[in-house]
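In what follows, a single structure is set out as structure tokens and then discussed.
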Amino acid sequence: MSDPATPQSARAVMLDVPGLDALIAALAGAGFTVIGPRLREQAIVLEPIEGRADLPAGWRDVQSPGHYRLEERADGALFGFASPPHAWKRHLHPPEVRLMRARSTGSGFEVTDSAGDHAPPRLALLGVKPCDLAAIAAQDQVFGLTPDAPEASRPDPTYAGRRRAAFIVALDCGHAAATCFCDSMGTGPAVPADGGGADLVMSEIVEGGHRFLVRPASPAGARLLDSLPEGTGRPPEAADRAAAAAVPEATRAAQRRRLDPDHRRIVADNLDHPHWSRVGERCLACANCTMVCPTCFCATVEDSTDLTGDIAERWRRWDSCFTMDFSYIHGGSIRIETASRYRQWMSHKLSSWYEQFGRSGCTGCGRCIAWCPVGIDLTEETARLAGRAPAQNAAKQDSATPTGGE
Amino acid sequence: MSPADASRPKLAVFKFSSCDGCQLGLLSLEDELLALAGAVEIAYFLEATRRTVKGPYDVALVEGSITTAHDAKRIQTVRRQSKVLISIGACATAGGIQALKNFADHKAFIEAVYARPEYIETLSTSTAIADHVPVDFELRGCPVNKYQVLEVLSAFLNNRKPNLPRHSECIECKRRGTVCVMVAHGTPCLGPVTQAGCGNLCPTQTRGCYGCFGPKEGPNTRALADWMTGEMGLSPRAVGQAFRGFNAGADAFREESERHVPAHDQG
Ligand code: SF4
Ligand code: SF4
Ligand code: SF4
């Protein structure tokens, strides 16, 4: 939310690279655990960071269907990568949550601990790209945090607690992988002018001096910038703003992959298309696509007891429409064929999500394409359903522009 | 024997052809072992105590595969004595690593290994408990995961369904935040066709899954193998051997391995 009392242009600040440490320190000083990109297991993951030294300086990812590798980049960019393997989702909608613990009282039971009893962690998410900002907005709606949400009257306590306590530093995207297609989904590569729900919006510029333009997008963001130590940064000049605006435009120009804009209708009109069974033959029903998807929200609830039966616990765990148990109702599973599970997933993402939430369930982040162990690609499957060979994606584009490109 | 013994369910643990690793998993429960001993009467568990109580048993955990005629007879007796029979581990649920002999000439093995082959009396195959008697529940793993053992016993004692996944190991990776070794490192991994439950041991060590927990529900081994021989450039032999591990005798893995490496060819 923008702050009408304080024109954002007046409060934006240019930080040099060490200035980023001042920003991270200010977030920590305000009581946030800062989550940001860092290297682990030859990938860029989103985990707690202490300072700028933890960021993946000079690394970018090369992604294609079923494939992800890191490569060095010459310009030393700190945020010069595309979608990391695991979305921010794991910090707001954790993979495993103990909903409650209860003790038997003989005649019944007494709840001794429930997820709602605990203050949520206060997380600052540093470097949220536009596609992932759109995904957080989609999950806000799923979990009942927006007025138009189907569950608006009873938001999910775990998600709502974490989300309301979170501080978001969004990032104009300076690097698209060959799996990215945010442009065709209208979610990126630039952060929306209204900030898209972020508190601060950042652009990384490497051309003509490595620096960051940081502008507030909410009152909390403005306060955070005000709290930076005296003498941190300088006001941006017109050239800085122009260079910052050029960053996502260069990324847009380099993005080749497209999802057919008519995807909603293509999927809905082709539910009996023979192509589903061809995908079903290749699909492993391993569920990776749903786990990495930043909007997929499904979870299962499991109750268990200890040996004596005196203590019981209820856990919520990420689940997937690709498992057999997911569609199990009395007597058996409904979606036995893998093809029907793939169809369920893709038609929810690209078609019925519109009916349910008034928007696409896909942001174009490309994770499901890269992290499918056998490279199944929903943009290509959509093109096939429409009766086209997916020529637009045929050329494997390995990477895009360096941050702040020409 | 405490007076409460009469009312506690009697637990028996039987061993067939196996390495004892799964029983050790039970003993390594440590913190929970006392609680277990309180909840059940450990009536027969030679790995833990020489004191034995005669059957029938309320629940029997059976480790190991059937590799001799004597085993094949004894499992019938065990079944008759046990109200609930749970087979534990890859040996009991799929024949174990010793099921590699199912793909070969077992006489040639015996002659190569033993100085006096005539002393060895064995079946030509190593088979799962369920191939011989009805089994109430199969607990996978090489070895089993001790928390799954505890879960299945807690469920049995409390008359509830155990929470044991049949889905892929990949779900364990993703819940845990492990970076996929197939996609990010090009390391072959059986996780997409393997049942979860080990605790994500290998991928967290940046190794591919060896398939210790056997085939997941509806495993699409063919599509994974095609990707490995195609995109990943593995030889058919390497792919065939990957499926010929601790669960080589599980149908889906056996069939896939035979597509790439014929039986009677151990490479
Ligand atoms: S469906 Fe795929 S590309 Fe779309 S948001 Fe989910 S993971 Fe990203
Ligand atoms: S589409 Fe790919 S990632 Fe998704 S379940 Fe099928 S094989 Fe797994
Ligand atoms: S490392 Fe293996 S088990 Fe884990 S997600 Fe990748 S393919 Fe699946």
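Quick notes on this one:
- Test: A:R103 is basic (K, R) and either surrounded by fewer than 19 Cβ atoms within 10 Å (Cβ to Cβ) or away from every other protein chain (no Cβ under 14 Å) (or both): yes
- Note on region A:59-127: enclosed strands (runs of 3 or more DSSP E) holding 1 or more residues that are closer than 25 Å to B:V179 by Cβ are A:59-64, A:67-72, A:96-104.
- For region B:12-37, the set of residues classified as in contact with a helix residue (DSSP H, G or I) (Cβ under 8 Å, 6 or more places away or on another chain) and either within 14 Å of chain A (Cβ to nearest Cβ) or assigned to a helix (DSSP H, G or I) (or both) consists of B:G21, B:C22, B:G25, B:L26, B:L27, B:L29, B:E32, B:L33, B:L36, listed by residue number.
- Being of a type in the set (A, V, I, L, M, F, W, C) and in contact with a strand residue (DSSP E or B) (Cβ under 8 Å, 6 or more places away or on another chain) is not true of A:L259.
- Each residue in region A:326-368 was checked for being within 16 Å of ligand 2 (Cβ to nearest atom) and more than 25 Å from A:R265 (Cβ to Cβ), and 4 pass.
- Annotation: B:P192 fulfils all but one of (1) more than 10 Å from chain A (Cβ to nearest Cβ); (2) buried (at least 24 other Cβ atoms within 10 Å of the Cβ); (3) not charged (D, E, K, R); the unmet one is (1).
- Among residues of region A:289-318, those that are more than 16 Å from ligand 1 (Cβ to nearest atom) and not β-branched (V, I, T), counted: 14
- Residues in region B:195-208 that are touching a helix residue (DSSP H, G or I) at 6+ places or on another chain (Cβ under 9 Å) and either over 19 Å from A:T323 (Cα atoms) or within 9 Å of chain A (Cβ to nearest Cβ) (or both): B:C202, B:P203, B:T204, B:T206, B:R207, B:G208.
- Verdict on B:V113 being away from ligand 2 (no atom under 16 Å from the Cβ), at pLDDT below 95, surrounded by fewer than 17 Cβ atoms within 10 Å (Cβ to Cβ) and of a type in the set (V, I, T): yes
- Among (1) hydrophobic (A, V, I, L, M, F, W, C); (2) over 19 Å from A:G280 (Cβ atoms); (3) more than 16 Å from ligand 1 (Cβ to nearest atom); (4) in contact with a helix residue (DSSP H, G or I) (Cβ under 8 Å, 6 or more places away or on another chain) - the single one A:A370 does not satisfy: (3)
- From B:I129, B:I120, residue being in the same structural domain as B:V78 (by TED's automatic domain parsing) and surrounded by fewer than 22 Cβ atoms within 10 Å (Cβ to Cβ): B:I120
- The sole residue among B:G199, B:G208, B:G177 that is touching a residue at least 24 places away in the same chain (Cβ under 8 Å), at positive phi and not β-branched (V, I, T) is B:G199.
- Residue in region A:306-325 that is more than 9 Å from every other protein chain (Cβ to nearest Cβ) and either farther than 30 Å from A:T112 by Cβ or within 16 Å of ligand 2 (Cβ to nearest atom) (or both) present: yes
- Options A:D303, A:D272: the member that is more than 9 Å from chain B (Cβ to nearest Cβ) and over 26 Å from A:A134 (Cα atoms): A:D272
- For region B:110-157, the set of residues classified as away from every other protein chain (no Cβ under 14 Å) and assigned to a helix (DSSP H, G or I) consists of B:I110, B:E111, B:A112, B:V113, B:P117, B:E118, B:Y119, B:I129, B:A130, B:D131, listed by residue number.
- First in region A:322-349 and over 22 Å from A:E380 (Cβ atoms) and in contact (Cβ under 8 Å) with a residue 12 or more places away in the chain, second anywhere and within 16 Å of ligand 3 (Cβ to nearest atom) and in a helix (DSSP H, G or I), Cβ under 6 Å, 6 or more apart: none
- Condition check for A:A135: within 14 Å of chain B (Cβ to nearest Cβ), buried (at least 24 other Cβ atoms within 10 Å of the Cβ) and more than 16 Å from ligand 3 (Cβ to nearest atom): no
Residues checked against (1) outside the structural domain of B:A94 (by TED's automatic domain parsing); (2) within 25 Å of B:V152 (Cα to Cα); (3) crowded, with 18+ Cβ neighbours inside 10 Å:
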position	(1), (2), (3)
B:C202	yes, yes, yes
B:Q205	yes, no, no
B:C209	yes, yes, yes
B:G214	yes, yes, yes
B:L224	yes, no, yes
B:E231	yes, no, no
B:P236	yes, no, no
B:R244	yes, no, yes
B:A248	yes, yes, yes
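- Restricting region A:176-220 to residues that are over 16 Å from the mean Cα position of the chain (by Cα) and within 16 Å of ligand 1 (Cβ to nearest atom), the residue that is nearest to the other protein chains (Cβ to nearest Cβ): A:A178
- Considering region B:160-174, and only residues there that are facing another protein chain (nearest Cβ under 7 Å) and surrounded by fewer than 18 Cβ atoms within 10 Å (Cβ to Cβ), the residue that is farthest from ligand 3 (Cβ to nearest atom) turns out to be B:R160.
- Identity of the residue in region B:211-238, closer than 28 Å to A:S64 by Cβ and in contact (Cβ under 8 Å) with a residue 40 or more places away in the chain, that ends up nearest to ligand 2 (Cβ to nearest atom): B:K216
- Look at (1) under 20 Å from A:L92 (Cα atoms); (2) not in a helix (DSSP H, G or I) and you find that A:C173 fails only one, number (1).
- Residue in region A:56-68 that is within 11 Å of another protein chain (Cβ to nearest Cβ), within 21 Å of the chain's Cα centre (by Cα) and surrounded by fewer than 18 Cβ atoms within 10 Å (Cβ to Cβ) present: no
- Of the residues making up region A:102-120, one or more are basic (K, R), at pLDDT 95 or above and more than 26 Å from A:A28 (Cβ to Cβ).
- Exactly one residue out of A:E230, A:E207 is in contact (Cβ under 8 Å) with a residue 40 or more places away in the chain and assigned to a loop (DSSP other than H, G, I, E, B), and it is A:E207.
The values are calculated or read from the model by the stated rules, or taken from the named source; none is laboratory data. These numbers come from a predicted model, not from an experiment. Every residue, glycine as well, gets a Cβ built from its backbone with ideal geometry; the counts of neighbours run over all protein chains shown.
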